[in-house]
1. How would segment 22-69 be classified by its alpha-carbon gyration tensor: rounded, prolate or oblate, with rounded meaning a/c under 1.5 and the a/b versus b/c comparison settling the rest?
2. Compare the peptides 41-50, 56-65 by average per-residue count of other Cβ atoms within 10 angstrom and give them in order, highest first.
3. Would you kindly state how much longer the chain becomes between ASP8 and SER46 on full extension, computed as 0.36 nm times their sequence separation minus their alpha carbon distance, in nm to one decimal?
4. With an 8 Å Cα cut-off and a minimum separation of 6 or more residues, compute the relative contact order for the chain in percent.
5. Simple spin-label model, 7 Å along Cα-to-Cβ: GLU20 to HIS54 in nm?
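Since every read-out is calculated from the coordinates, none of them should be taken as a lab result. As the structure is a computational prediction, the values presented were derived from the model and not from experiment. Cβ sites come from the backbone with ideal geometry, for glycine too, and all protein chains shown count toward neighbours.
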Amino acid sequence: MHVALPSDPNHCPLCGQANECAMEVERATGVKQPPCWCSQVKFEASLLSRIPEHARGKSCLCPACTQAEAP
C-alpha cells in the first residue's frame with residue numbers, strides 16, 4: 001500500500017529539490033520578496049498532471065523540473 005507523504009511547500013512535489021518559491025519565503029518570514037520566478041513561466045499541462053494528487057496546490061515545482069518539460 002502506498003502512503004502519501006505530506007507536502008512540503010519549500011520542495012518540488014516531483015523531485016523533492018528546493019523549489020526556490022519567493023512566495024513561500026515571504027509567507028514564512030514576513031519579509032517582502034521580489035516576484036517569484038514561477039510568475040514568469042508557463043506550466044505545461046503534461047507537467048502539472050504529473051504532480052501527485054495530494055500535493056496539488058500545496059507546493060511549487062522547482063526550476064529544474066519546469067525546464068526539463070519545456071518545449
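1. Working: a/c = 2.96, a/b = 1.60, b/c = 1.85.
Oblate, since a/c reaches 1.5 and b/c is not below a/b.
2. On the way: 41-50: 11.0, 56-65: 17.0.
Averaged packing, sorted descending, gives the order 56-65, 41-50.
3. Numbers: separation 38, 0.36 × 38 = 13.68 nm, distance 2.18 nm.
Between ASP8 and SER46, full extension yields an extra 11.5 nm.
4. Reported as a whole number, the value is 44 percent.
5. 2.8
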